[in-house]
Amino acid sequence: MNPTDHWLNFINGEWLDARRVIDVDDPATGKVFATVACADDKTVDRAVQAARACADSGVLSDCRPVERTALLRRIADEIRAIADKAAPLLARENGKALDDAREEFLMAAKYFEYYAGMADKIEGRSIPLGKDYVDYTVYEPVGVSAQIVPWNFPVDICARSLAPALAAGNAVVVKSPEISPLAMTWLATACQRAGLPKGAFNLICGYGHEVGAALVAHAGIDQIVFTGSVPTGQAILRSAAERAIPSVMELGGKSAAVVFADADMEQLLSSVKWGIFFNAGQVCSAMSRLLVQREIYDQVVDAVSELAQRQQLGAGLDNAELTPLVSRRQQQQVLSMCDQAVSEGARRVTGGKAPEREGYFVEATVFADVTPEMSLFCDEVFGPVIAITPFDTEEEAWALANGTEFGLVAGVFTHDLTRTLRATRALKAGQVFVNEWYAGGIETPFGGIKLSGFGREKGQEALYSYVNTKNIAIRVS
Ligand code: NAD
């Protein structure tokens with residue numbers, strides 16, 4: 001390794017090393033290729049103090065909002081300028097396809113551009129109270145936002161919360177995931193080049209149970225934004241409860257697509273490919289369950305199995321269709337969930353094994369005849385594994401779709417308009433896709449209900465997680 005393979009923390013506008021390091025490996029080979037400085041409690045304190053000083057100075061909150069708009073646009077431009085250079089690092093540390101890594105940086109730029117457009121439109125209301133009063137509301141930034149990011153889309157998810165927080169005038173401390181932390185540092189570089197004030201964005205890396213836990217328990221933070229697993233979210237909520245601070249929780253999912261006999265097969269298969277094999281299925285809103293009307297059940301099982309067998313497996317840097325999982329631990333977990341599915345009686349149609357090659361690969365996997373009692377029906381796998389279940393009636397389909405503890409996304413494939421409208425009411429989830437999995441974008445609010453969490457990211461809704469409403473009531477006579 002040469003010195004450029006060691007990456008630093010970014011606090012108060014400076015790059016800082018640490019005594020300890022975390023190794024970062026390449027999921028396509030399993031070999032360590034870089035290290036990152038591992039923060040400790042003191043680093044957390046320093047980062048929060050820097051953010052606090054920035055928030056209290058008013059440098060972002062007191063300026064003309066249009067200046068924040070211009071600043072966020074410059075950050076978007078800087079991210080676009082580094083996308084080609086930074087994407088191979090993200091592909092290498094994460095295992096994802098190079099084109100997808102580049103797209104992730106471009107998405108990050110779009111978040112800054114989108115919220116740049118909102119920074120000067122955070123407008124309060126005037127509330128009529130009769131002639132003796134003037135009453136109005138203002139939105140004030142929450143102050144210091146602590147944000148914990150997972151490894152599956154580190155650059156995208158970091159930008160998703162950072163951009164609206166800055167647009168609203170906050171200062172931010174982000175803890176990057178200990179797996180796949182490197183490419184995110186390019187976001188700090190982009191912010192630095194765009195002239196973001198010191199302390200407005202601080203980026204630290206460390207282990208969740210140490211540095212993540214210290215950050216969310218720190219007395220200097222005003223809000224927590226967490227994206228990750230349910231148990232970690234619950235632990236973080238206990239910290240938030242101690243200080244009664246607000247939080248946004250973007251947790252896991254076990255989302256179902258409901259397929260009726262009149263579905264367009266081409267549309268469905270392109271959604272399945274994207275929905276479960278993109279990013280090797282390591283997507284919180286993955287299409288991990290397929291509920292299929294019985295008259296087309298065998299046909300769909302065969303077509304999805306053929307699609308799975310066609311997925312060309314290889315390294316992200318080679319832009320393969322099915323890339324490795326992020327870590328050996330993740331690979332082992334997915335394989336053990338496949339073994340358990342077999343032992344519980346699910347029919348393994350294809351896949352379910354690790355191919356004979358180095359790296360953390362798992363074959364594209366299809367299980368059929370999965371029933372609600374099976375763990376594969378209820379538990380998040382976070383890998384390229386789809387569970388297929390037949391249904392007869394519409395009511396049965398909604399019950400199966402809603403029959404887990406999660407409620408992140410749901411989908412329906414049909415061309416019957418009135419049935420579609422019934423589906424949009426019956427499906428219990430934060431968003432419903434019709435005839436295209438992942439339909440939507442930065443403009444559309446995203447988040448869950450039930451164990452998938454609460455609060456919304458993306459869209460105009462997200463901005464209001466980063467402000468407090470203040471009402472001003474003035475007696476004028
Ligand atoms: P994870 O919960 O293990 O880790 C997420 C982050 O939390 C990491 O940065 C980790 O270091 C940190 N962390 C761990 N313990 C902590 C603690 N006690 N205090 C503070 N921080 C702590 O999740 P993961 O394995 O990185 O990500 C996979 C999970 O994330 C899946 O369940 C997936 O569904 C979910 N996810 C949800 C969304 C969404 O938007 N809803 C998006 C991506 C991933």
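The values are calculated or read from the model by the stated rules, or taken from the named source; none is laboratory data. Note that the structure is a prediction, hence the values are computed from the model and not measured. All Cβ positions, even for glycine, are placed from backbone atoms using ideal geometry, and neighbour counts span all protein chains on display. Heavy atoms of the whole protein, side chains included, go into the accessibility calculation; ligands, DNA and RNA do not. Shrake-Rupley method; radii C 1.70, N 1.55, O 1.52, S 1.80 Å.
The figures follow:
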item: Test: residue in the stretch 120-129 that is hydrophobic (A, V, I, L, M, F, W, C) and open to solvent by 50 Å² or more (accessible area, probe 1.4 Å); result: yes
item: Residue 116, sole failed condition from (1) of a type in the set (A, V, I, L, M); (2) closer than 22 Å to residue 10 by Cα; (3) open to solvent by less than 20 Å² (accessible area, probe 1.4 Å); result: (2)
item: Considering residues of the stretch 250-272 that are surrounded by fewer than 20 Cβ atoms within 10 Å (Cβ to Cβ) and either of a type in the set (A, V, I, L, M) or within 16 Å of the ligand (Cβ to nearest atom) (or both) only, the residue nearest to residue 400 (Cα to Cα); result: 261
item: Scan of the stretch 194-217 for residues that are open to solvent by 10 Å² or more (accessible area, probe 1.4 Å) and either away from the ligand (no atom under 12 Å from the Cβ) or among the acidic types (Asp, Glu) (or both), ordered by number; result: 195, 196, 197, 198, 210
item: Residue in the stretch 301-308 that is outside any helix (DSSP H, G or I), over 20 Å from residue 412 (Cα atoms) and either open to solvent by 10 Å² or more (accessible area, probe 1.4 Å) or not basic (Lys, Arg) (or both) present; result: no
item: Test result for residue 247, open to solvent by less than 30 Å² (accessible area, probe 1.4 Å), at negative phi and near the ligand (Cβ under 10 Å from one of its atoms); result: no
item: Selection count where residues are crowded, with 24+ Cβ neighbours inside 10 Å, within 16 Å of the ligand (Cβ to nearest atom) and part of a helix (DSSP H, G or I), scope the stretch 166-193; result: 1
item: Total residues in the stretch 151-163, condition within 14 Å of the ligand (Cβ to nearest atom) and buried (at least 24 other Cβ atoms within 10 Å of the Cβ); result: 9
item: Index of the failed condition, residue 324 passing every other in (1) in a helix (DSSP H, G or I); (2) surrounded by 15 or more Cβ atoms within 10 Å (Cβ to Cβ); result: (1)
item: Number of positions in the stretch 355-369 that are open to solvent by 40 Å² or more (accessible area, probe 1.4 Å) and closer than 12 Å to residue 334 by Cα; result: 1
item: Count of the stretch 83-113 residues which are open to solvent by 30 Å² or more (accessible area, probe 1.4 Å), more than 25 Å from residue 167 (Cβ to Cβ) and of a type in the set (D, E, K, R); result: 5
item: Search result, residues across the stretch 314-341 that are over 24 Å from the mean Cα position of the chain (by Cα) and aliphatic (A, V, I, L, M); result: 341
item: Unmet requirement for residue 224, which otherwise passes all of (1) assigned to a helix (DSSP H, G or I); (2) within 16 Å of the ligand (Cβ to nearest atom); (3) touching a residue at least 40 places away in the same chain (Cβ under 8 Å); result: (1)
